[in-house]
Amino acid sequence: MKTLSPRTRVLTAAAVGASVLGVAALTAGTSAAEPAPAQPAVKSAAKGKDLTRTSHLTVDAATRAARAALSTAEKDGQKVSVAVVDRDGNTVVTLRGDGSGPQSYESAQRKAFTAVSWNAPTSELVKRLQQAPNLKDIPGTLFLPGGAPVRAEGAPVAAVGVAGAPSGDLDEKFAQAGVAALDD
């Protein structure tokens, strides 16, 4: 066993002592039976005019959309991955279909993120690249067909992304089937 130097022993003892004193100071004057002293109420500066509300799909609705997209793909004999993201582009649900390729999982998420970000199907956004090719450089996006936004009162609240079929048109068909399942 290695012997500690005098300096190391002094520093270690000081650190242990400080820890013990800190714990003692925190618990001084209180017992397990006594409640902690009441904290003064903090007033919030945020008021109604300073706040905004957004709509999001429930997990159940997102799962229903993902299952509908995957089921439609499976009926067509396609092996795909499906992602549903919320209004902020955060993934709510992902389903990796049996036999889907490893690239399809991330691609589905990125297609959904792209669709919700621009409130448009990714097949339409592909056309925008001709006028603004730098759009493809935005992190997290993927400008390939297969993403479809979910709207409530005209505003995007989510999106369904599908990847793995042999064509983007099929991916988008399956994503649209996921969106349509929310209309039921």
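Can you check what the net charge comes to around Lys79, using other residues whose Cβ is under 13 Å from the Cβ of Lys79 (Lys, Arg +1; Asp, Glu -1)? Summing Lys and Arg as +1 and Asp and Glu as -1 gives -2.
What ranking do Leu70, Leu142 get, fewest neighbouring Cβ atoms within 10 angstrom at the top? Write down the numbers at each step before the final one.
On the way: Leu70 24, Leu142 21.
So the residues, fewest neighbours to most, are Leu142, Leu70.
The separation of the range 76-121 from the range 130-184, counted between C-alpha centres, amounts to 8 Å.
Spin-label model, Arg53/Arg67: points 7 Å from Cα along the beta carbon direction are separated by 2.9 nm.
Defining a contact as two alpha carbons under 8 Å apart and six or more residues distant in sequence, what relative contact order in percent does the range 50-172 show? Show your work: numbers first, answer last.
On the way: 280 pairs, mean separation 34.6, N = 123.
Over the range 50-172, the number comes to 28 percent.
A crude spin-label estimate for the pair Ala180 and Ile138, with each label 7 Å from Cα along the Cβ direction, gives 2.8 nm.
For the range 59-180, the share of alpha carbon pairs falling in successive 10 Å distance bins from zero is 17, 52, 27, 4 percent. In this structure, Arg151 and Gln130 have a Cβ-Cβ separation that, at R0 = 22 Å, corresponds to a calculated FRET efficiency of about 0.30.
Readers should treat all values here as calculations from the given coordinates under stated rules, not as data from a laboratory. On a predicted model such as this, the values are computed, not experimentally measured, just so you know. Every residue, glycine among them, receives a Cβ derived from its backbone with ideal geometry; neighbour counts consider all protein chains shown.
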